[in-house]
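Values in this text are rule-based calculations from the coordinates and carry no lab data. Just so it is clear, the model here is predicted, and its values are computed rather than measured. Note that we place each Cβ from the backbone using ideal geometry, even for glycine, and neighbour counts take in every protein chain shown.
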Amino acid sequence: MPYLLDGNNLVGTARRGPGGDEDRDALVSEIAERLRHTRASVVLFFDGAGRSVSLGHLSVRFAGASTADDAIVREISKSSRPRETTVVTADRELARRARDAGATAMSPADFWRRFGAVDAGPARPKDAPVDVDDWMKWFTEEGNKKRG
């Protein structure tokens, strides 16, 4: 069952930040860590332009000239089994559009509960930068890929 996540909405509800690069990077890192021991397929959509990446079971996409909401609805329409797709958002309008397209809507709180807390290890100072290149390298190394 694929999960389509409304990234900008999650930044606002989960990270409570303004949605800048640091907040997006922190959200991507947290979701990637939570998915490490699962087989869940997640696509995280953000508004605007950016570099799309695939990190195992997590893909990060940018909507470009359209909105992330529109990109999510388009993704549902491409599915041969939209009922197996879950859209994670606190945006009521997007949730309605997802349901109208045949998908299920889930709140961010339910998503976080489903994928549990992260064992973060040593605490990282709040203002410490996230090294995206470092975690991207970690997820692409053969020894760190989960084998099915």
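Listed values, structure above:
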item	result
Inter-label distance for A65 and D21, nm, one decimal - labels placed 7 Å from Cα along Cα-to-Cβ	2.5
Exposure proxy ranking, count of Cβ atoms within 10 Å, fewest first, for F115, F46	F115, F46
Sum of side-chain charges, D100 neighbourhood, beta-carbon under 13 Å (Lys, Arg +1; Asp, Glu -1)	+3
Positive-end extreme of charge dipole, region 35-86 - chosen from A49, I72, P82 (charges on Cβ)	P82
Cut-off 17 Å, label 7 Å out along Cα→Cβ of T104, residues of region 27-42 by amide N	39-42
Theoretical gain in end-to-end length, S79 to E93 [0.36 nm per residue, Cα-Cα removed]	3.0 nm
For region 20-114, alpha-carbon Rg and Dmax in angstrom	13.0, 35
